[in-house]
1. Would you be able to say whether some residue in region 80-101 is farther than 30 Å from Glu186 by Cβ, at pLDDT below 90 and touching a Lys or Arg at 6+ places or on another chain (Cβ under 8 Å)?
2. Name every residue in region 131-142 that is among the basic types (Lys, Arg) and surrounded by fewer than 18 Cβ atoms within 10 Å (Cβ to Cβ), in order of residue number.
3. Anything in region 76-100 that is assigned to a helix (DSSP H, G or I) and basic (Lys, Arg)? List them, or say none.
4. Name the one entry in Arg103, Arg166 that is of a type in the set (Lys, Arg) and assigned to a loop (DSSP other than H, G, I, E, B).
5. In region 154-170, which residues are farther than 16 Å from Gln193 by Cα and either acidic (Asp, Glu) or surrounded by 11 or more Cβ atoms within 10 Å (Cβ to Cβ) (or both)?
6. Can you pull out every residue in region 143-153 that is crowded, with 24+ Cβ neighbours inside 10 Å and over 17 Å from Ala91 (Cβ atoms)?
Amino acid sequence: MPNTKSRYGVHPGVAITQKRIAELKGKTGRTLSEWTALIRHAGPPDRKKRLEWLKHEHGLGMNYAMFLAERAEGEGRGADLDSPKAYLAAAERYVAEMFAGPRAGLKPLYEELLALGLGLGPDVQACPCQTIVPLYRKHVFAQIKPATRTRIDLGFALGGRRAEGRLISTGGYEKKDRITHRIPIESAEDIDQEVTRWMRVAYEEDQ
(Lines give C-alpha, C1' and ligand atoms only; values in the text may rest on other atoms or scores of the structure.)
Protein backbone atom coordinates (compact mmCIF):
# COMPACT_ATOMS: atom_id res chain seq x y z
CA MET A 1 0.00 0.00 0.00
CA PRO A 2 1.50 3.40 -0.93
CA ASN A 3 2.38 5.83 1.85
CA THR A 4 -0.01 8.74 2.20
CA LYS A 5 0.54 11.86 4.25
CA SER A 6 -1.75 12.07 7.24
CA ARG A 7 -4.02 15.07 7.48
CA TYR A 8 -3.39 15.03 11.23
CA GLY A 9 -0.49 16.56 13.10
CA VAL A 10 1.68 14.81 15.67
CA HIS A 11 0.34 15.33 19.19
CA PRO A 12 2.68 17.32 21.51
CA GLY A 13 2.54 14.36 23.90
CA VAL A 14 4.79 12.37 21.54
CA ALA A 15 7.79 14.64 22.17
CA ILE A 16 7.10 14.58 25.91
CA THR A 17 6.92 10.77 25.94
CA GLN A 18 10.07 10.36 23.87
CA LYS A 19 11.97 12.70 26.18
CA ARG A 20 10.74 10.83 29.24
CA ILE A 21 11.81 7.46 27.81
CA ALA A 22 15.22 8.82 26.80
CA GLU A 23 15.81 10.20 30.30
CA LEU A 24 14.58 7.17 32.25
CA LYS A 25 17.96 5.42 32.57
CA GLY A 26 19.76 8.52 33.75
CA LYS A 27 17.07 9.66 36.16
CA THR A 28 15.83 6.35 37.55
CA GLY A 29 18.63 3.85 36.91
CA ARG A 30 16.62 1.65 34.53
CA THR A 31 15.39 1.76 30.94
CA LEU A 32 11.71 1.42 30.08
CA SER A 33 12.11 -2.27 29.19
CA GLU A 34 14.02 -2.90 32.42
CA TRP A 35 11.31 -1.21 34.50
CA THR A 36 8.44 -3.05 32.83
CA ALA A 37 10.22 -6.38 33.31
CA LEU A 38 10.82 -5.61 36.99
CA ILE A 39 7.24 -4.46 37.61
CA ARG A 40 5.74 -7.50 35.96
CA HIS A 41 8.06 -9.87 37.80
CA ALA A 42 8.21 -8.33 41.29
CA GLY A 43 5.54 -5.64 41.51
CA PRO A 44 1.99 -5.82 42.92
CA PRO A 45 -0.74 -6.99 40.53
CA ASP A 46 -2.93 -3.87 40.32
CA ARG A 47 -2.09 -0.31 39.27
CA LYS A 48 -2.90 1.43 42.57
CA LYS A 49 -0.59 -0.85 44.54
CA ARG A 50 2.05 -0.61 41.84
CA LEU A 51 2.00 3.17 42.14
CA GLU A 52 2.62 3.01 45.87
CA TRP A 53 5.29 0.34 45.39
CA LEU A 54 7.13 2.40 42.78
CA LYS A 55 6.96 5.54 44.91
CA HIS A 56 7.86 4.05 48.29
CA GLU A 57 10.08 1.11 47.37
CA HIS A 58 11.88 2.71 44.45
CA GLY A 59 11.65 6.42 45.27
CA LEU A 60 9.93 7.48 42.05
CA GLY A 61 7.84 10.62 41.73
CA MET A 62 4.17 10.38 40.82
CA ASN A 63 4.66 11.20 37.12
CA TYR A 64 7.25 8.48 36.55
CA ALA A 65 5.35 6.01 38.74
CA MET A 66 2.09 6.53 36.80
CA PHE A 67 3.87 6.29 33.46
CA LEU A 68 5.64 3.04 34.34
CA ALA A 69 2.63 1.45 36.06
CA GLU A 70 0.55 2.02 32.93
CA ARG A 71 3.21 0.78 30.54
CA ALA A 72 3.66 -2.41 32.57
CA GLU A 73 -0.02 -3.31 32.09
CA GLY A 74 0.48 -4.66 28.60
CA GLU A 75 2.02 -4.25 25.20
CA GLY A 76 0.76 -1.13 23.50
CA ARG A 77 -0.60 0.42 26.70
CA GLY A 78 0.34 4.10 26.28
CA ALA A 79 2.66 3.25 23.38
CA ASP A 80 0.64 5.33 20.91
CA LEU A 81 2.78 8.30 21.97
CA ASP A 82 6.13 6.55 21.55
CA SER A 83 6.73 7.83 18.01
CA PRO A 84 5.11 10.04 15.35
CA LYS A 85 4.36 6.96 13.23
CA ALA A 86 2.65 5.16 16.12
CA TYR A 87 0.64 8.23 17.04
CA LEU A 88 -0.56 9.01 13.51
CA ALA A 89 -1.74 5.42 13.07
CA ALA A 90 -3.56 5.70 16.39
CA ALA A 91 -5.07 9.07 15.43
CA GLU A 92 -6.85 7.52 12.46
CA ARG A 93 -8.15 4.77 14.73
CA TYR A 94 -9.32 7.23 17.38
CA VAL A 95 -11.42 9.14 14.84
CA ALA A 96 -12.83 5.97 13.27
CA GLU A 97 -13.90 4.72 16.71
CA MET A 98 -15.26 8.13 17.77
CA PHE A 99 -17.64 8.19 14.83
CA ALA A 100 -18.55 4.50 14.64
CA GLY A 101 -21.87 2.86 15.36
CA PRO A 102 -24.58 5.18 16.71
CA ARG A 103 -22.43 8.26 16.10
CA ALA A 104 -21.65 7.48 12.47
CA GLY A 105 -24.19 10.09 11.36
CA LEU A 106 -22.00 12.81 12.89
CA LYS A 107 -19.02 12.04 10.63
CA PRO A 108 -20.01 14.47 7.82
CA LEU A 109 -20.35 17.27 10.39
CA TYR A 110 -16.95 16.35 11.81
CA GLU A 111 -15.37 16.47 8.36
CA GLU A 112 -16.84 19.91 7.70
CA LEU A 113 -15.67 21.29 11.05
CA LEU A 114 -12.23 19.77 10.59
CA ALA A 115 -11.90 21.36 7.15
CA LEU A 116 -13.02 24.70 8.60
CA GLY A 117 -10.38 24.56 11.32
CA LEU A 118 -7.53 23.38 9.08
CA GLY A 119 -8.45 26.05 6.54
CA LEU A 120 -7.68 28.87 8.97
CA GLY A 121 -3.96 28.73 8.26
CA PRO A 122 -1.00 26.48 7.49
CA ASP A 123 0.00 26.50 11.17
CA VAL A 124 -3.16 24.67 12.32
CA GLN A 125 -2.84 21.03 13.34
CA ALA A 126 -5.57 18.59 14.34
CA CYS A 127 -4.26 16.06 16.88
CA PRO A 128 -6.96 13.49 17.74
CA CYS A 129 -7.27 11.95 21.19
CA GLN A 130 -9.60 9.08 22.08
CA THR A 131 -12.70 11.23 22.71
CA ILE A 132 -11.94 14.66 21.20
CA VAL A 133 -10.08 16.23 18.29
CA PRO A 134 -8.20 19.33 19.48
CA LEU A 135 -7.07 21.98 17.02
CA TYR A 136 -3.69 23.55 17.75
CA ARG A 137 -1.95 26.70 16.64
CA LYS A 138 0.50 27.36 19.45
CA HIS A 139 -1.97 25.93 21.94
CA VAL A 140 -5.38 24.29 21.67
CA PHE A 141 -7.70 26.98 20.34
CA ALA A 142 -10.70 24.78 19.48
CA GLN A 143 -11.86 21.19 19.83
CA ILE A 144 -14.37 18.92 18.14
CA LYS A 145 -16.17 16.59 20.52
CA PRO A 146 -18.97 14.13 19.72
CA ALA A 147 -21.11 14.79 22.80
CA THR A 148 -24.14 12.61 22.02
CA ARG A 149 -25.35 10.44 19.16
CA THR A 150 -26.80 13.52 17.48
CA ARG A 151 -24.60 16.42 18.61
CA ILE A 152 -21.05 17.62 18.31
CA ASP A 153 -19.85 20.23 20.77
CA LEU A 154 -17.48 22.63 19.04
CA GLY A 155 -15.36 24.13 21.79
CA PHE A 156 -13.34 27.35 21.73
CA ALA A 157 -10.55 28.88 23.82
CA LEU A 158 -11.97 32.38 24.29
CA GLY A 159 -10.77 33.30 27.76
CA GLY A 160 -13.04 35.26 30.07
CA ARG A 161 -15.26 36.59 27.29
CA ARG A 162 -18.96 36.78 28.12
CA ALA A 163 -21.06 34.21 26.27
CA GLU A 164 -23.19 35.77 23.54
CA GLY A 165 -25.30 34.57 20.67
CA ARG A 166 -25.06 30.79 20.44
CA LEU A 167 -21.93 30.64 22.59
CA ILE A 168 -22.36 28.64 25.80
CA SER A 169 -19.91 28.95 28.68
CA THR A 170 -18.29 25.65 29.65
CA GLY A 171 -17.12 27.01 33.01
CA GLY A 172 -13.62 26.36 31.73
CA TYR A 173 -12.30 29.85 32.34
CA GLU A 174 -13.05 29.61 36.06
CA LYS A 175 -11.41 26.16 36.16
CA LYS A 176 -8.40 27.39 34.14
CA ASP A 177 -9.20 25.00 31.29
CA ARG A 178 -8.26 25.93 27.72
CA ILE A 179 -11.77 25.40 26.33
CA THR A 180 -14.05 28.06 27.77
CA HIS A 181 -17.04 28.14 25.39
CA ARG A 182 -18.89 25.81 23.05
CA ILE A 183 -21.49 25.84 20.30
CA PRO A 184 -23.66 22.73 19.80
CA ILE A 185 -23.65 21.41 16.22
CA GLU A 186 -26.49 19.10 15.18
CA SER A 187 -26.81 19.78 11.46
CA ALA A 188 -24.92 21.31 8.56
CA GLU A 189 -27.04 24.45 8.95
CA ASP A 190 -25.49 24.97 12.38
CA ILE A 191 -22.06 25.47 10.78
CA ASP A 192 -22.82 29.06 9.88
CA GLN A 193 -21.13 32.45 9.86
CA GLU A 194 -21.27 32.66 13.66
CA VAL A 195 -19.35 29.39 13.99
CA THR A 196 -16.84 30.53 11.38
CA ARG A 197 -16.36 33.85 13.15
CA TRP A 198 -15.70 32.35 16.58
CA MET A 199 -13.34 29.78 15.09
CA ARG A 200 -11.40 32.61 13.49
CA VAL A 201 -11.37 34.67 16.71
CA ALA A 202 -10.08 31.72 18.77
CA TYR A 203 -7.39 31.04 16.15
CA GLU A 204 -6.23 34.66 15.96
CA GLU A 205 -6.11 35.04 19.73
CA ASP A 206 -3.79 32.05 20.09
CA GLN A 207 -0.63 34.08 19.52
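1. No, region 80-101 has no match at all.
2. Lys138
3. The initial filter retains those residues of region 76-100 that are assigned to a helix (DSSP H, G or I), namely 79-81, 84-98.
Matches in region 76-100: Lys85, Arg93.
4. Details: Arg103 fails: assigned to a loop (DSSP other than H, G, I, E, B).
Just one listed residue meets the conditions, Arg166.
5. So in region 154-170, the residues farther than 16 Å from Gln193 by Cα come out as 157-163, 168-170.
Scanning region 154-170 gives Ala157, Leu158, Gly159, Arg161, Ala163, Ile168, Ser169, Thr170.
6. Scanning region 143-153 gives a single hit, Ile152.
The values are calculated or read from the model by the stated rules, or taken from the named source; none is laboratory data. Computed from a predicted structure; not experimentally measured. In this analysis, Cβ positions are derived from the backbone assuming ideal geometry, glycine residues included, and neighbour counts consider all displayed protein chains.
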